[in-house]
1. Could you tell me which of the residues B:R297, B:R278 is crowded, with 16+ Cβ neighbours inside 10 Å and among the basic types (K, R)?
2. If you take the residues of region B:133-142 that are closer than 14 Å to B:H172 by Cα and without any contact (Cβ under 8 Å) to a residue 60 or more places away in the chain, which of them is surrounded by the fewest Cβ atoms within 10 Å (Cβ to Cβ)?
3. Hey, among B:D60, B:D42, which residue is surrounded by fewer than 19 Cβ atoms within 10 Å (Cβ to Cβ), in contact with a strand residue (DSSP E or B) (Cβ under 9 Å, 6 or more places away or on another chain) and touching a residue at least 60 places away in the same chain (Cβ under 8 Å)?
4. Select, from B:D102, B:D140, B:D170, the only residue that is over 23 Å from B:P243 (Cα atoms) and of a type in the set (D, E).
5. Select, from B:L32, B:L24, the only residue that is of a type outside the set (S, T, N, Q) and either within 18 Å of the chain's Cα centre (by Cα) or not in a helix (DSSP H, G or I) (or both).
6. Six or more apart or on different chains, Cβ atoms under 9 Å: show the pairs whose first residue is in region B:359-374 and in a loop (DSSP other than H, G, I, E, B) and surrounded by fewer than 16 Cβ atoms within 10 Å (Cβ to Cβ) and whose second is modelled with pLDDT of 90 or more and of a type in the set (A, V, I, L, M, F, W, C).
7. May I ask you to say which residue of B:T230, B:T246 is in contact (Cβ under 8 Å) with a residue 24 or more places away in the chain, buried (at least 21 other Cβ atoms within 10 Å of the Cβ) and under 30 Å from B:A215 (Cα atoms)?
8. Can you name the residue in region A:179-205 that is among the polar types (S, T, N, Q) and at pLDDT 95 or above and, of all such residues, is surrounded by the most Cβ atoms within 10 Å (Cβ to Cβ)?
Amino acid sequence: MSAGLTLNAVSLLYGDGPETVTALDSVDLTVERGEFIAIVGPSGSGKSSLLAVAGALITPTEGTVRVGDRELAGLSARQAGELRRERIGFVFQSGNLVPALTSFDQVRLPLTFGPVPDPRDPRELLAEVGMEHKANRRPHELSGGERQRVGIARALVTRPQLLLVDEPTAALDRQRSQDVVGLLARETHEHGVATVMVTHDHDVLHHCDRVLEMTDGRLAPATARA
Amino acid sequence: MFLALRELSFARGRFALMGLVVALIALLVVLLSGLSVGLVNDGVSGLQRMPVTAFAFQQDVAKDSAFSRSVVELDAVDTWRGQDGVEAAEAFGNTLVNARSDRGVEIDLALFGVQVGSFLDPEVASGARLKNEGEVVISDTAAEEGVAVGDTITLEPAGTSLKVVGVMADQHTFGHVDVGYLPLKTWQEIAAGVRPGDEVPARVYEEITAVAIKAPGDVDLAAGDRAAGTTSMTREESFGASPGYTAETSTLLLIQVFLYVISALVVGAFFTVLTIQRKHELAVVRALGASTGYLLRDSIFQSLVLLVIAAAVGVALGVAAGAALASTPMPFALEAGSIATATLLLVVLGLVGAAVAVLRISRIDPVTALGANR
């Protein structure tokens, strides 16, 4: 297996002088392709900062970040956008779908941004996440779990090497949470994606290959598993 | 343009409202443009249809009332004829009169006195051209008022009689009054207030309003003015000397300019609010890898579609309303050129407003897509 995401001594500081906040403190992390890891930890511990740094949304203060074989240092906003389009998928809280688009168009959307080397077929992908029967519905006509499934299909359509998942079950009940995270695990393993999921939900951690805990910007193996 | 069109059809209610506002502004712009053209026609079509390059008025005459105040000696015509580049120069007289036809039609006329057979002597669509003193050729619009070839009109209060011998094609009006062309000597007697049967002082025949100059190429008007002791204006400059012309056109122009500005501001405000509402959605789309350029192009395209459709609807309504107005006595005339210019301005300024509004897309940080949502 090859690494989908590599973080080497990554630190992220906000502000300067005595007001400095350390969001990430020398974080080392390697996620292999086909590996599904979860990051747990209290609010404000730096979980979202980790996703932002790994997703080329924020440049870290120190350290190196690689997505596949590509180092993220020194990318312009435009290059970072291209990299996200080609190599990174995002799954957000409650899907964050575009209100005007049908499920099918949501999945096609990332393919309209520019050339993608090896896209998946949006129709097939929608069937794979179990949403082909609602291909022509808009987000307001879908349940929370359905929105999240469409969001997952949207993240996978570009065949990303790295999938970053932000609190996918925040708005879901217990059964739907299990379904959605199970789907993420299956896609991760079947398509060789390196998946990093940030979550509060300890009930879904058994789907993950590894669980890490974030405390005050430091990353360590989780002490207790649910 | 993937997002733009789907967004338009999804939020069609609010886009339709915005489009309605733009359409109503376009309708107003078309009506004002028609009114402008109509007023210009009413004010100066008599001058526009003259084959004249410039008029030489009395020296230092007040520019805004030159046609009614100017008095030029007849000799000036010969001086102007001798100028380089001048193909022809002729005497021109102008007076406004009240008249009544022998069939009881009351009519105001702008009398244009010209030498019979000169380049100013107008062609007629019906009847005959000017030949003898005491004859008059009238505008098509005067014929519509009920004056016909063969009628005799009597000027008030002097009582001078003129025989209508011909009617010109098209509208010839000056200061909202129908034009009547008549031989120069008859005009000079009327302008001097000579009553029928009075003895005419010789100097009456020495005075005219202006020298009408025809010069196909470049001509040094200043040199002619120095030689003849006149103040000349090109034909277009002389429009401003027509009664009420400047006041009317500048008022309408001001209203139109305000409409363009209002339209740009309204469209800008709409897209500002829309962009702010879509802020989170746009951050998500940028996090997914859309470039700023992609989103800007998409939004500008969206505003272009909105503006073009709305302007087309407004112009169509305006043209329909204009057709209804054209049959009324209101001075109104639709002109494809000025409507096209006005519509283009409306769309372009609307686009500028929208562009300024959607530029804020470039300041949206994709990081805000993470974490707590809407």
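The values are calculated or read from the model by the stated rules, or taken from the named source; none is laboratory data. Remember, predicted model here, so these are calculated numbers, not experimental data. Using ideal geometry, Cβ is built from the backbone for each residue, glycine included, and neighbour counts are taken over all protein chains shown.
1. On the way: B:R297 fails: crowded, with 16+ Cβ neighbours inside 10 Å.
Only one candidate qualifies: B:R278.
2. Filtering region B:133-142 for residues that are closer than 14 Å to B:H172 by Cα and without any contact (Cβ under 8 Å) to a residue 60 or more places away in the chain, the one surrounded by the fewest Cβ atoms within 10 Å (Cβ to Cβ) comes out as B:D140.
3. Result of the check over B:D60, B:D42: B:D60.
4. Result of the check over B:D102, B:D140, B:D170: B:D102.
5. Of B:L32, B:L24, the one residue that is of a type outside the set (S, T, N, Q) and either within 18 Å of the chain's Cα centre (by Cα) or not in a helix (DSSP H, G or I) (or both) is B:L32.
6. From residues that are in a loop (DSSP other than H, G, I, E, B) and surrounded by fewer than 16 Cβ atoms within 10 Å (Cβ to Cβ), the pairs are B:D365/A:L57; B:D365/B:A283.
7. B:T230 is the lone residue from the list that is in contact (Cβ under 8 Å) with a residue 24 or more places away in the chain, buried (at least 21 other Cβ atoms within 10 Å of the Cβ) and under 30 Å from B:A215 (Cα atoms).
8. A:T195
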